[in-house]
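Below is one structure, written out as structure tokens; comments come after it.
Values in this text are rule-based calculations from the coordinates and carry no lab data. This is a predicted model, so every value here is computed, not measured. In this analysis, Cβ positions are derived from the backbone assuming ideal geometry, glycine residues included, and neighbour counts consider all displayed protein chains.
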Amino acid sequence: MSSWPAMVRVMRYGMGVVLGLGLACARLGADDSATARDTGVAVGPTRRSPELSRLDPLRGDWSGTKKSAATPVQGADQSPLQASFRWVLGGYHLEGALEYVVAGRSHHVLSFWSFDPSDRTFHVHWIDDSGSVPTDWVGRFERDGSLVLSLSRKVQSQNVRERLRLRLTSPDSFRLEAGNDLHGGLAVQHVFEARRKR
């Protein structure tokens, strides 16, 4: 049978672990200008590669519209769009959050934008509340300044190519196009256009 002092020690240990995990999780979400006060070690601004810094203009809060083209299974639609981007995990990844409406229901997306210096490619890990399968895009900036990412996967036993194109149309506006060849040639299915909030 456990003694009361032993139980108190176990409870203190457990509370310490929970508190430590909570601080660690909060630290992961901190932006790159924060300092690690809990350890006393200063964490200065991250020295991002020039390639990764090309994503910095996305940082901030945005509002706009999301337009979808008609498909054989759904008509064309348009929805208000809210978006925000911020540097996370030491400033090495850009987290994007998008919210819009699909078929009358609010739809949420989280995306993580990264750069792999080994093969000099950008990666976008895209997850949303329509299912548990993530989408992983890989690509590069093109000469016109657009970031073009693509992937191939099977959808209902059919090989499908998908493409994502991001273009900053001005310092305060962006256009994100998502397309696939599920219903024929590679066509833009969704267009997200937004302006920076003031």
For LYS67, which aspartates and glutamates qualify as cross-link partners when the Cα separation must be under 19 Å and same-chain residues fewer than eight apart are set aside?
ASP77, GLU99, ASP128, ASP129, GLU162, GLU177, ASP181, GLU193
Quick one: Karplus J couplings for the range 159-164, per residue in order, coefficients 6.51, -1.76, 1.60, θ = phi - 60°, nearest Hz, x for Gly and Pro?
6, 10, 9, 10, 9, 10
Radius 11 Å from Cβ of THR121, net charge of other residues (Lys, Arg +1; Asp, Glu -1):
-1
Quick one: net charge of THR135's neighbours, Cβ under 10 Å, K/R +1, D/E -1?
-2
Rounded, prolate or oblate for the range 85-124? Axes are the square roots of the Cα gyration tensor eigenvalues, ordered a ≥ b ≥ c, and the cut-off for rounded is a/c under 1.5.
oblate
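Sorted by packing (mean other beta-carbon atoms within 10 Å per residue), highest first, where do 64-71, 99-106 land?
64-71, 99-106
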Using θ = phi - 60° and Karplus 6.51 cos²θ - 1.76 cosθ + 1.60, couplings along the range 113-122 (whole Hz; Gly, Pro as x):
9, 9, 10, 9, x, 5, 10, 6, 10, 8
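Can you give the local net charge around SER146? Use residues other than it whose beta-carbon is closer than 15 angstrom to its beta-carbon, Lys and Arg +1, Asp and Glu -1.
+2
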